[in-house]
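The next block holds one structure in the form of structure tokens; read it before the comments.
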Amino acid sequence: MTLEGSPSAARGTARVLVSLAALAIVWGAALQVRIVLACGIAQACVLVLLWIYPRIAARSVFVTRRMTSRAFEDDDVEVTFGVENRGFLPLVHPEVEDFFVPDKEPRRRTPLPAFLPGRTRALARYQGSCSAKRGTYAIGPAHARVACPLGLFPKDVSLRETAPLLVYPRAVPLPALPAAGQGIPWASSATSRVAGHSTEALSVREYRPGDSLRRVHWPTTARRGKLAVLELELEHARDVTIFLDLDRRTLRGLGRRSTLETSVRIAASAAASYLQQGDRVRLMAHGKELVLVPPGSGERHLALVLEELAHVKPEGELPLEDFLERSAPSLPPGSTAFVIFSSADQEVKKRTESVAALHARGCSVVAVLLAERTFLAVFKEQQKSRDEIVELPVAADALAGEGALVYVVPQVEDLGARFVHPYGGVWRRR
């Protein structure tokens, strides 16, 4: 469909005018009608001047793009263009066309003032929606378009540089998510205070070689006549390790309605929730290679986790159960393992053994089990007979029987609602 004022309409009008001028010249010359010939020549000269005008004016056009480099799924991103006319000829009917790839309608046209005088600058804005799934996108290339005073013979000025946009997975609040286990198995409200590293002072003692000068307590040093340092209380921080399943054989569904995208959103939500509680969060997965975000806390660490989650792909060959058993020895005793299983249809014994390995390390386990039958099967081998399928309640009961706190999550829009109550022996799809 051709829109009014579009380049296609302008080109169509220009072709008609050129054809009329050519017809008048040919007709006037053939029939020796001077007035028709003169009108045709005059019209042709005017059209040539109109064709030249935007091509000269376009040489003085300078375009810049300004936008954020990061956004979340479903966010609206404002893109601003600065169009500068560095010449003396005014720009007529200028507009900017850009391609915002994550949007459902990527082509965007942003008009400018109909008349931009020489040596002036104007701004054009539009908002693009991150409707596509997480990932890195190249926004552009953009084109600034100018035309003659009649809006004909448009000329494009390309902004060849594309702007990168990193789209994070959308995290949802999980207020009912249980608190992580203590980072030290014996840490509790009755635990005695132990010397270590934190912001809380325990006592003052004499300086020893190797002590940081930042911990020197100057009032006590002045009173005793020798260096004295603060003894700090050991900080009992809580550690959470989030495990993500990147085994390609467990992938079901398409686009943002796949098991991978659901798992990624759950991982992002869990990371945000635990970090908000002041816990240390680590991300582990195994795709083509190991995916690892070391333990950390705070908003900057959340950005690192989200950035890694924005790029993960289901390209792994290692089952998650095997990866859990390999990774268990590296987890801090007393920490929490937050495991997202993309499929219930796996060997129950192997899965419970992997959870038992985490418990043997002294870790508490939160197991999220996706109801994979609510997702579209994408591989032929996923079309199994009923006798071959491990029913979801069987898998959930086995995990709960091993001491894991289990959540069952089908394909739903409101993920947060699925974490209000853990699995209690009866699973309902809605």
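Considering only DSSP beta bridges where both residues belong to segment 240-341, give the percentage that are antiparallel (nearest 5).
About 30 percent, rounded to the nearest 5.
Note down the nm distance, to one decimal, between modelled labels 7 Å out along Cα→Cβ at Ala222 and at Gln277.
Label at Ala222, label at Gln277, 4.5 nm between them.
Calculate the spin-label point distance for Val348 paired with Ala114, positioning each point 7 Å from the Cα along the beta-carbon direction, and give it in nanometres.
7.5 nm
Using Cα atoms only, what is the angle between the long axis of helix 34-57 and the major principal axis of the chain, expressed in degrees (0 to 90) to the nearest 10?
Value to nearest ten degrees: 30.
What is the local net charge at Leu246, summed over the other residues whose Cβ is closer than 9 Å to its Cβ (Lys, Arg +1; Asp, Glu -1)?
Around Leu246, the charge tally is 0.
Aspartates and glutamates within cross-link reach of Lys133: Cα-Cα under 15 Å, excluding same-chain residues under 8 positions apart?
Those aspartates and glutamates meeting the cut-off are Glu73, Asp74, Asp75, Asp76, Asp103, Glu105, Glu261, Glu307, Glu308, Glu413.
Nearest 20 debye, what's the magnitude of the dipole of the chain about its Cα centre given +1 on Lys and Arg Cβ and -1 on Asp and Glu Cβ?
1600 debye
Using per-residue counts of other Cβ atoms within 10 Å, averaged over each peptide, order 46-56, 326-336 from highest down.
Descending packing order for the listed peptides: 326-336, 46-56.
Among DSSP beta bridges whose residues both lie in the chain, state the antiparallel percentage, nearest 5.
Around 65 percent antiparallel, to the nearest 5.
What full-extension length gain, to one decimal in nm, is calculated for Leu290 and Thr68 as 0.36 nm per residue of separation minus the Cα-Cα distance? Walk me through the numbers before you get to the answer.
Numbers: separation 222, 0.36 × 222 = 79.92 nm, distance 2.96 nm.
Result: 77.0 nm gained on full extension.
I'd like the FRET efficiency for Glu413 and Arg86, computed as 1/(1 + (r/R0)^6) with the beta carbon distance as r and R0 of 41 Å, rounded to 0.05.
That pair, Glu413 with Arg86, gives E of 0.25.
Could you line up Ser129, Ser342, Ser69 from fewest to most neighbouring Cβ atoms inside 10 Å?
Least to most surrounded, the residues fall as Ser69, Ser129, Ser342.
Using 0.36 nm per residue of separation minus the Cα-Cα distance, give me the extension gain between Leu318 and Thr13 in nm, one decimal.
Between Leu318 and Thr13, full extension yields an extra 103.6 nm.
What do you get for the angle between helix 259-276 and the principal long axis of the chain? Use alpha-carbon atoms, 0 to 90 degrees, nearest ten.
Rounded to the nearest ten degrees, it is 60.
Contour minus end-to-end for Leu304 and Arg257, with contour as 0.36 nm per residue of separation and end-to-end as the Cα-Cα distance? Each step should come with its number before you reach the end.
Values: separation 47, 0.36 × 47 = 16.92 nm, distance 2.42 nm.
Fully extending the segment from Leu304 to Arg257 adds 14.5 nm.
Every number here is computed from the coordinates shown, using simple stated rules; none is lab data. Just so it is clear, the model here is predicted, and its values are computed rather than measured. With ideal geometry, Cβ positions are generated from the backbone for all residues, glycine too; neighbour counts draw on all protein chains shown.
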